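The structure appears below as structure tokens.
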Amino acid sequence: MTHFSTKQIAGVYHRRVGNYLVTALSDGYLDMGYDIFREFAPHEVDLMMQRDHRISPPRISINCFLLRGPSGTILVDCGSQDSFGPTAGKLFENLAAAGVDRAEVDYILLTHCHPDHSNGLTDVKTGQRLFPNATIILNRKEFDHWFSDEEMAKADERKRERYFRWTRQQIGPYRETHLRVADDGEEVLAQITMVECAGHTPGHSTWFIHSAGEQMVIWGDLAHVSEIQAARPEVSMSFDHDPEMAARNRTALLARICDENILVAGMHIHFPGFGWLVREDKAYRIATEQWQFEI
Ligand SMILES: [Zn+2]
């Protein structure tokens, strides 16, 4: 029984949304502690996770999404490289497994600047851009915050290192020539609109794809643990920049996504990360999308 590989096949999954081919690419996973939740007791976490046969405290996926269509090749978030140890940092091998060279990527849309989303931009040893032809697009507020020396001085040392310095190292080499900032509601590329949903970070944003009558939202960290936060949108994370704002904006956007029946792609929903919001009790649950056999 031991002569089989314990390694799963490549973390690559394709789906079509209108004129875009959307490819979920796994960057791996992270095991979290109970302390990621703000004011939510471990026994409540266990109860909600175990009800769904999930690992508790939660094990969460890290997903990136590649879009290929009218505006070229677009990567939404770019993984964590070597910042989280052996279970993460798999984006590049999965991108290669999908047959895509990093040099082919035209744009990188960032949901926000946290190391599990934006630490795959630059080789910090050489200062080289890992996506030599890509232009980063991110929320102006997000850029302004992490590049503000005044904000950096207010943060504790851990945040100064892991959020401010790392963001500057990662985005720095793109800043002069390969960076565009965008504002809430802006259609940044054909059929792709940035919709701000701040709180988790000051400019945390989601990306809406409207194409040929279909709609999808790539929701970033709108929920880290959707088994809990779809049902209890008021539960925020200990590392949210503004937990009350995060909860308020999450509650509003979840309602819109459900009301408009929009397909969800989530960075921390179990790979491949696609699903639909279904009303349940006073809130929602995520119905993960069934496997599609043909693209
Ligand atoms: Zn995240």
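Per the 1.4 Å probe, what fraction of the accessible area of the chain, in percent, lies on carbon and sulfur atoms?
Using a 1.4 Å probe with all protein chains present, the chain comes out at 49 percent carbon and sulfur.
What FRET efficiency do you get for Glu39 and Phe92 if R0 is 35 Å and r is their Cβ-Cβ distance, rounded to the nearest 0.05?
On the way: r = 37 Å, r/R0 = 1.07.
Efficiency computed from Cβ-Cβ geometry: 0.40.
Hey, if we sort Asp156, Asp242 by accessible area with the 1.4 Å probe, largest down, what's the order?
Values: Asp156 80, Asp242 50 Å².
Correct descending sequence by accessible area is Asp156, Asp242.
Expected output is a single nm value to one decimal: the length gained when fully extending between Ser148 and Glu176, i.e. 0.36 nm times separation in residues minus the C-alpha distance. What is it?
8.4 nm
Counting only heavy atoms of the protein chains, get the accessible area per residue of the chain (1.4 Å probe) and round it to a whole Å² value.
Value for the chain: 46 Å² per residue.
Could you tell me what percent of the DSSP beta bridges with both partners in the chain are antiparallel, to the nearest 5?
The antiparallel proportion sits near 80 percent.
Put +1 on the Cβ of every Lys and Arg and -1 on every Asp and Glu Cβ in region 12-288; which of His204, Met245, Leu277 then has its Cα farthest towards the positive end of the dipole?
Leu277
Determine by what factor the alpha-carbon radius of gyration of region 107-213 differs from 2.2 N^0.38 Å, reporting the quotient.
Cα-based Rg divided by the globular estimate yields 1.07.
Cα-based count: Lys pairs in region 12-288 below 24 Å, eight or more positions apart or different chains?
The result is 4.
Extending each Cα 7 Å along its Cβ direction at Asp82 and Asp184, get the distance between those two points in nm, one decimal.
Placing both labels 7 Å beyond Cα along the Cβ direction yields 4.0 nm.
For region 225-289 and region 182-208, compute the distance between their C-alpha centroids and round to whole Å.
17 Å
At a temperature of 20 °C and a viscosity of 1.002 mPa s, determine how fast the chain diffuses translationally according to Stokes-Einstein, using the Kirkwood radius over alpha-carbon pairs as Rh; express D in µm²/s, rounded to the nearest whole number.
Once the numbers are plugged in, D ends up at 111 µm²/s.
The values are calculated or read from the model by the stated rules, or taken from the named source; none is laboratory data. Fair warning: this is a prediction, and the values are worked out from it, not measured in the lab. A quick note on method: Cβ atoms are made from the backbone with ideal geometry, for glycine too, and the neighbour counts reach across all protein chains shown. To get the accessible areas, we keep the full protein, side chains included, count just its heavy atoms, and leave off ligands, DNA and RNA. Shrake-Rupley method; radii C 1.70, N 1.55, O 1.52, S 1.80 Å.
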